[in-house]
Amino acid sequence: MHWLRTRPQFQAVLAGGTTVARTPHFALHRLRPLPPGAAAPSAPSAAASQGRVTPARALFAVPAGAPAGPWLGAMVPKRWARRAVTRSAVKRQIRAVAHERSAGLPADAAHVVRLRAAFDPRHFVSASSDELKRAVRAELEQLFARASRAAAEPRP
């Protein structure tokens, strides 16, 4: 599994991808298929410095010798998780579940898991409680199960 790290990578998936699965708090976006890998640019291009998305082939280049696999990124906005502790805990759960479920994701795609609603602070008083982590993990398991089913269906 490869991790999305740059803003243009996230923008490419969100702009050009489709939403393949949703739960009450999360959405999974997928950009598929990725073009064949090419060498990543050594310096930022003029297009990237002006805020335009660079070509997808340079964005998702796999380093030489690295195994092919799906790309994944996690977006946990401050709007839905105010405290940094909560954002970090949610991202850790996303990475853990994604690592366990990476076999069910297509290798020629990039994915972004996005938190799209806040967890009710009346039920989860602590910013990083075990109860919150269990709830997040259960919902992420549902999200990735739905995504695996969507990946198994033939594309039109």
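The values are calculated or read from the model by the stated rules, or taken from the named source; none is laboratory data. Please read all numbers here as calculations on a predicted model, not as lab measurements. A quick note on method: Cβ atoms are made from the backbone with ideal geometry, for glycine too, and the neighbour counts reach across all protein chains shown.
Summary of values
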item: Residues (outside any helix (DSSP H, G or I) and of a type in the set (D, E, K, R)) located in segment 95-113; result: Asp108
item: Filtered residue count, segment 74-94, keeping only those that are within 12 Å of the chain's Cα centre (by Cα) and either part of a loop (DSSP other than H, G, I, E, B) or at pLDDT below 95 (or both); result: 1
item: Arg137 in contact (Cβ under 8 Å) with a residue 12 or more places away in the chain and assigned to a strand (DSSP E or B); result: no
item: Single match in Val113, Val90 (criterion: within 17 Å of Pro70 (Cα to Cα) and not charged (D, E, K, R)); result: Val113
item: Index of the failed condition, Asp120 passing every other in (1) assigned to a loop (DSSP other than H, G, I, E, B); (2) touching a Lys or Arg at 6+ places or on another chain (Cβ under 9 Å); result: (2)
item: Index of the failed condition, Ala46 passing every other in (1) farther than 24 Å from Phe119 by Cα; (2) at pLDDT 90 or above; result: (2)
item: Candidates Thr19, Thr54 - the one that is of a type outside the set (Phe, Trp, Tyr), touching a Lys or Arg at 6+ places or on another chain (Cβ under 9 Å), at pLDDT below 95 and not in a helix (DSSP H, G or I); result: Thr19
item: Positions within segment 66-100 being more than 17 Å from Ala147 (Cα to Cα) and of a type in the set (Lys, Arg), in sequence order; result: Lys78, Arg79, Arg82, Arg83, Arg87, Lys91, Arg92
